[in-house]
Amino acid sequence: MKNANWSEIYRERRNKIREAVGGGVLLWLGHDLQPRNYRDNTYPFRQSSHFLYYAGISAPYLAVLSYPDPDYDVLFAPPAHIDDIVWMGAAPTRVELAQQAGIDTVEEIGRLGAYLTRARSQGLHVHYLPPYQASSLFRLAELLVIDPTDVIPGASERLAEEVVKQRSVKSDLEVAEIEEALQVTNRMHRAAMTAARPGTHEYRIAGCIQGIAFSENRQQSYNPIVTVRGEALHNHSYDNRLEDGQLLLNDSGAESPGHYASDITRTFPVSGRFSQAQTEVYETVLRAQSSAIQQIKPGVPYREVHLHTSRVVAEGLRAMGLMRGDPAGAVDAGAHALFFPHGLGHMLGLDVHDMEDLGDIVGYPKGEKRSPQFGLNFLRLARPLEAGFVLTVEPGIYFIPALIDRWRSEGLHLDFINYDRLEPFRSFGGIRIEDDVLVTAGGARVLGPGIPRTVAEVEEAMGNR
Ligand SMILES: [Mn+2]
């Protein structure tokens, strides 16, 4: 993490939110280690992003209580046991951890329940966020002495709303973390481009990407999508052999030292050279992405940017003869979603889908619901943009044979779709181009070092072969 007084930053963040919530105690519950196949064989530890934001400590079995008075926080941590030192080595002491977080008071984690009982007996409401890990849910039930089924209904909407307000707007230091992650991500994507060739397998490319993250002491920010079947939107298998003429879609990112995410997608030809048809579709996606980025500025609802981008996609497909009629009418009807069935993007921060655990309060204004229309129902971010938001811009065009067949058999959108012309595209796959963008006072800035994006840049990065 960049040189900055982080412990002071965490202290300020906690003071800000306790004031915004305006009463009660705030319970920040850290993550536990999660067992993989038996208790001691665990998944790599990943701290709760909320805990990272408000306390910054990446270690299991921690909690923080924030009382109503400024600066009054207590860190709860496990005692150092000699067995842990024998098996795991010495870890920072509780006092050292508290110093990192800018917290003056430490307690044993076993005392947390008693603190909560006392707070409630003093009439203080306990605000906590809805858990998404079973272990957190059961811990909360135990700590609050309530039934597990009452834990999620009892979570604090007020706290969730204030967390979203605070975490949505990124400081310069946070943006610098995301750009740091993008440096590694750039190397991951360039390596995938040079490693791809006919005859190799998706898992080799996936391993190469993971190796780069690992060799820089980084986690990947999510399980990467590395596939020649890019039309399956979240395809997490890596079994396919790469064939000449195919496109490889690589959606992968890394975490910064402070656990901020990057989220980048590039699609490139296995052979190193785009075919004519691939170039046409690629240029349409690229035009859609560039024109989306141009629309971004404070005050513009991201739904509008999504719909604008969808019209650019529909226009491009009409120029290729795959769609027909008025692009705006096609988008109103939802016909373009045959090719672009997902949302334009989402918030990015400590989580790759930032704060998605808190639900649609992140991406939608209060009282506004997701559209039920196919495609638009997957739009995660629709609200008016503000300076300091970091979001992804990730349009795509996919040829999904099962969806084409379904729509055709139902006679859907015959005015807008040239089904006969889609036959040669059944094995095309899909193209997505995704970048991470900061909303600035005057518009938008694409973050990161410039990962090959145009046809010429991608072919150059793939080298002569
Ligand atoms: Mn994304």
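Structure notes:
- Among the residues of the range 323-335, the ones that are touching a residue at least 60 places away in the same chain (Cβ under 8 Å) and surrounded by 24 or more Cβ atoms within 10 Å (Cβ to Cβ) come to 3 in all.
- Any hit, the range 184-204, residues being among the polar types (S, T, N, Q) and surrounded by 21 or more Cβ atoms within 10 Å (Cβ to Cβ): yes
- Total residues in the range 282-297, condition within 16 Å of the ligand (Cβ to nearest atom) and either of a type in the set (S, T, N, Q) or surrounded by fewer than 20 Cβ atoms within 10 Å (Cβ to Cβ) (or both): 2
- Screening Arg46 with (1) crowded, with 22+ Cβ neighbours inside 10 Å; (2) closer than 29 Å to Glu216 by Cα; (3) basic (Lys, Arg) gives one miss only, at (1).
- Residues in the range 104-145 that are closer than 13 Å to Trp28 by Cα and in a loop (DSSP other than H, G, I, E, B): Tyr128, Leu129, Pro130, Pro131.
- Pairs are defined by a Cβ separation below 6 Å, a sequence spacing of at least 6 or placement on different chains, a first member in the range 129-143 that is in contact (Cβ under 8 Å) with a residue 12 or more places away in the chain, and a second member that is among the charged types (D, E, K, R) and part of a helix (DSSP H, G or I); the pairs so defined are Tyr132/Asp357.
- Residue match in the range 235-251 (condition: of a type outside the set (Val, Ile, Thr) and within 30 Å of Asp172 (Cα to Cα)): yes
- Looking at Val300, Val331, Val362, Val313, just one residue is hydrophobic (A, V, I, L, M, F, W, C), in the same structural domain as Glu280 (by TED's automatic domain parsing) and within 16 Å of the ligand (Cβ to nearest atom), and that residue is Val362.
- Condition met for Asp351 (within 16 Å of the ligand (Cβ to nearest atom) and among the acidic types (Asp, Glu)): yes
- Per this entry, Gly343 is counted among residues that are modelled with pLDDT of 95 or more, among the small types (Gly, Ala, Ser), within 13 Å of the ligand (Cβ to nearest atom) and in the same structural domain as Glu304 (by TED's automatic domain parsing).
- Filter result (among the hydrophobic types (A, V, I, L, M, F, W, C) and over 22 Å from Tyr115 (Cα atoms)) within the range 53-95: Ile82, Ile85, Val86, Trp87, Met88, Ala90, Ala91
- Within the range 390-397, the presence of at least one residue that is within 15 Å of the ligand (Cβ to nearest atom), within 22 Å of Arg324 (Cα to Cα) and not in a strand (DSSP E or B) is confirmed.
- Residue, surrounded by the fewest Cβ atoms within 10 Å (Cβ to Cβ), within the range 70-89, restricted to residues that are touching a helix residue (DSSP H, G or I) at 6+ places or on another chain (Cβ under 9 Å) and free of Cβ contacts under 8 Å to residues at least 40 places away in the same chain: Pro79
- Residue in the range 127-143 that is in contact with an Asp or Glu (Cβ under 6 Å, 6 or more places away or on another chain) and of a type outside the set (Phe, Trp, Tyr) present: yes
- Considering the range 261-281, the residues that are polar (S, T, N, Q) and assigned to a helix (DSSP H, G or I) include one that is farthest from the ligand (Cβ to nearest atom), namely Gln276.
- Number of the exception - Leu379 against (1) farther than 23 Å from Val313 by Cα; (2) within 16 Å of the ligand (Cβ to nearest atom): (1)
- In the range 23-88, counting only strands (runs of 3 or more DSSP E) that sit wholly within it, none holds 3 or more residues that are in the same structural domain as Ile109 (by TED's automatic domain parsing) and at pLDDT below 95.
- Sole exception among (1) farther than 27 Å from Gln183 by Cβ; (2) outside any helix (DSSP H, G or I); (3) within 16 Å of the ligand (Cβ to nearest atom) for His306, by number: (2)
- Among the residues making up the range 352-368, those that are out of contact with any Leu (no Cβ under 9 Å at 6 or more places or on another chain) and either within 17 Å of Leu385 (Cβ to Cβ) or at pLDDT below 95 (or both) are His353, Met355, Asp360, Ile361, Pro365, Lys366, Gly367, Glu368.
- Test: residue in the range 216-235 that is assigned by TED's automatic domain parsing to the domain that holds Arg453, within 16 Å of the chain's Cα centre (by Cα), within 15 Å of the ligand (Cβ to nearest atom) and surrounded by fewer than 16 Cβ atoms within 10 Å (Cβ to Cβ): yes
- Being at pLDDT 95 or above, in a loop (DSSP other than H, G, I, E, B) and either in the same structural domain as Arg218 (by TED's automatic domain parsing) or surrounded by fewer than 21 Cβ atoms within 10 Å (Cβ to Cβ) (or both) is a description that does not apply to Pro92.
- Residues in the range 158-205 that are among the charged types (D, E, K, R) and free of Cβ contacts under 8 Å to residues at least 24 places away in the same chain: Asp172, Arg204.
- Glu386 being at pLDDT 95 or above, part of a loop (DSSP other than H, G, I, E, B), of a type outside the set (Gly, Ala, Ser) and more than 16 Å from the ligand (Cβ to nearest atom): yes
The values are calculated or read from the model by the stated rules, or taken from the named source; none is laboratory data. The structure presented is a predicted model; accordingly, all values stated were derived computationally and were not measured. Because the Cβ atoms are built from the backbone with ideal geometry, glycine has one as well, and the counts that use them run over all protein chains shown.
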